[in-house]
1. Please go through the range B:42-67 and pick out each residue that is without any contact (Cβ under 8 Å) to a residue 24 or more places away in the chain, more than 9 Å from chain A (Cβ to nearest Cβ) and part of a loop (DSSP other than H, G, I, E, B).
2. So residue A:89 passes all but one of these: (1) touching a residue at least 12 places away in the same chain (Cβ under 8 Å); (2) within 14 Å of chain B (Cβ to nearest Cβ); (3) not polar (S, T, N, Q). Which condition number does it fail?
3. Could you figure out which of (1) out of contact with any Gly (no Cβ under 8 Å at 6 or more places or on another chain); (2) without any contact (Cβ under 8 Å) to a residue 40 or more places away in the chain isn't true of residue A:103?
4. Just to be sure, is residue A:74 of a type outside the set (Phe, Trp, Tyr), within 26 Å of residue B:83 (Cα to Cα) and touching a helix residue (DSSP H, G or I) at 6+ places or on another chain (Cβ under 6 Å)?
5. When you look at residue B:88, is it crowded, with 18+ Cβ neighbours inside 10 Å and within 30 Å of residue B:178 (Cα to Cα), yes or no?
6. I need the full set of residues from the range A:180-203 which are more than 13 Å from DNA strand C (Cβ to nearest atom) and surrounded by fewer than 15 Cβ atoms within 10 Å (Cβ to Cβ), in order please.
7. Could you list, in sequence order, the residues of the range A:1-21 that are of a type in the set (Val, Ile, Thr), closer than 15 Å to residue A:125 by Cβ, touching a helix residue (DSSP H, G or I) at 6+ places or on another chain (Cβ under 6 Å) and more than 14 Å from chain B (Cβ to nearest Cβ)?
8. Kindly indicate whether residue A:122 is within 30 Å of residue A:77 (Cβ to Cβ), out of contact with any strand residue (DSSP E or B) (no Cβ under 6 Å at 6 or more places or on another chain) and either away from DNA strand C (no atom under 15 Å from the Cβ) or without any contact (Cβ under 8 Å) to a residue 12 or more places away in the chain (or both).
2 protein chains.
Amino acid sequence: MGVAVDLAIFTVQEARLELLLIRMKREPYTGQWALPGGRIRGDETVEQAATRELYEKAGLQQVYLEQLYTFSEPSRDPRARCISVAHMALIRGDAPLRTTDKYSGIGWFPVTRLPPLAFDHKAMADYAIKRLRAKLEWSDVARNLLDKTFTLGELQRLYEAILGKRLDARNFQRRAVAIGMVKDTGKMRTGQAYRPARLYRFA
Amino acid sequence: MGVAVDLAIFTVQEARLELLLIRMKREPYTGQWALPGGRIRGDETVEQAATRELYEKAGLQQVYLEQLYTFSEPSRDPRARCISVAHMALIRGDAPLRTTDKYSGIGWFPVTRLPPLAFDHKAMADYAIKRLRAKLEWSDVARNLLDKTFTLGELQRLYEAILGKRLDARNFQRRAVAIGMVKDTGKMRTGQAYRPARLYRFA
DNA sequence: GCAAAAGTGTTGTCGGTACACCCATGC
DNA sequence: GCATGGGTGTACCGACAACACTTTTGC
């Protein structure tokens, strides 16, 4: 029985949460968009396979990776029986993508406007978005989507993009500091309009 | 590559959270305790395989089942490469167990005193306990461990057994009703010492 | 009456929300 | 000066912990 990994790779760009999709070359989903992924090898864990796919197919390294759920409907892959372990990855908005000739296309899509997806990848994407949103509320996963230092305004816009709703800036800032998630670096963000903001880093 | 399911089957008996373990007949873990489980077949999902194992190996039916995590270390099974999807199951304390000649023994163990476990089953058991405790705090999974009706005292003792700590009865009762988790049935628990308690059911 | 469990009332604290207000900069 | 985002102060509300107290039964 085949075992594969599939990846929901997220980034935040221009205040939008986006998902990385590839366009398939091979039958039976030629031309369709799907999550990147592939078979696991005999000597690696599913996490290692996911890390490898991330590098081989998109040129990404050193990214946050988390196992999500195993999808195992016998009919999920029309070609052959193959279960797939879905993962979530988070990368900074400016990371450059490498393309591969394995796919006929690769691109970022806002999660609010995803095209139809191959296999059961719609369910995987939905699951990943749900998990990311939940995790944002009680953890500091957001650190994997931002630079080392950032302003509270930047952090807030990241949260708003992922959660898909507006937050109160005053309460957001106080809370971020109060729960010890971020620490003041003592530096300021200059060179922009309006009052300069303090730069923070994750604690 | 082999794909298996393993099951962390919980029950609460005499105010203790207990885990169902089987004793292995075959090499290389002959005589060792382990979580029940087995290979999945070509025409079933991992959840269906877990349900089937639950019935075949322990005679259990209609139980709460939840997929947890996929364990995939290449060396996790010394016999052959085989990944395993860990699941959690919850059953009522009085459920009768069927034995099978596939194992040389089967029994309940308090989670505080587990014997050494075969494969990576210790990690699976730890993961399952953690998940069960977390889920107890915000969901009504407890319903799968109790009868249709129960007193708030019984529900509290269940919570205390799983969480491994004492709770304030007065706050516990008020909260259970306030958040709408349980509803008063209007009936009372009679035939026991002391003041009779109201019987509740899950909402 | 007494022990034990069931159940109610009250109070304080803490986290979160709402929102008025001040600050510092570019233009 | 004024627009704009950065940042502080404060008041209110609901959840929850702590704990005093009453109720109802078996013995």
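1. B:61, B:62
2. Evaluating residue A:89 over (1) touching a residue at least 12 places away in the same chain (Cβ under 8 Å); (2) within 14 Å of chain B (Cβ to nearest Cβ); (3) not polar (S, T, N, Q) leaves (2) as the failure.
3. So the condition that residue A:103 fails would be (2).
4. Judged against the criteria, residue A:74 is not a match.
5. Numbers: crowded, with 18+ Cβ neighbours inside 10 Å: yes; within 30 Å of residue B:178 (Cα to Cα): yes.
Spelling it out, residue B:88 is indeed crowded, with 18+ Cβ neighbours inside 10 Å and within 30 Å of residue B:178 (Cα to Cα).
6. A:183, A:184, A:185, A:186, A:203 - these are the residues of the range A:180-203 that are more than 13 Å from DNA strand C (Cβ to nearest atom) and surrounded by fewer than 15 Cβ atoms within 10 Å (Cβ to Cβ).
7. Initial filter on the range A:1-21 (of a type in the set (Val, Ile, Thr)): A:3, A:5, A:9, A:11-12.
Narrowing the set further to residues that are closer than 15 Å to residue A:125 by Cβ leaves A:5, A:9, A:11.
Right, trim to touching a helix residue (DSSP H, G or I) at 6+ places or on another chain (Cβ under 6 Å) and you get A:5.
If the condition is that a residue be of a type in the set (Val, Ile, Thr), closer than 15 Å to residue A:125 by Cβ, touching a helix residue (DSSP H, G or I) at 6+ places or on another chain (Cβ under 6 Å) and more than 14 Å from chain B (Cβ to nearest Cβ), then no residue fits.
8. Values: within 30 Å of residue A:77 (Cβ to Cβ): yes; out of contact with any strand residue (DSSP E or B) (no Cβ under 6 Å at 6 or more places or on another chain): yes; either away from DNA strand C (no atom under 15 Å from the Cβ) or without any contact (Cβ under 8 Å) to a residue 12 or more places away in the chain (or both): yes.
Spelling it out, residue A:122 is indeed within 30 Å of residue A:77 (Cβ to Cβ), out of contact with any strand residue (DSSP E or B) (no Cβ under 6 Å at 6 or more places or on another chain) and either away from DNA strand C (no atom under 15 Å from the Cβ) or without any contact (Cβ under 8 Å) to a residue 12 or more places away in the chain (or both).
The values are calculated or read from the model by the stated rules, or taken from the named source; none is laboratory data. Bear in mind the structure is a predicted one, so any value in this text is a computation, not a measurement. Here the Cβ is made from the backbone with ideal geometry for all residues, glycine too, and neighbour counts use every protein chain on show.
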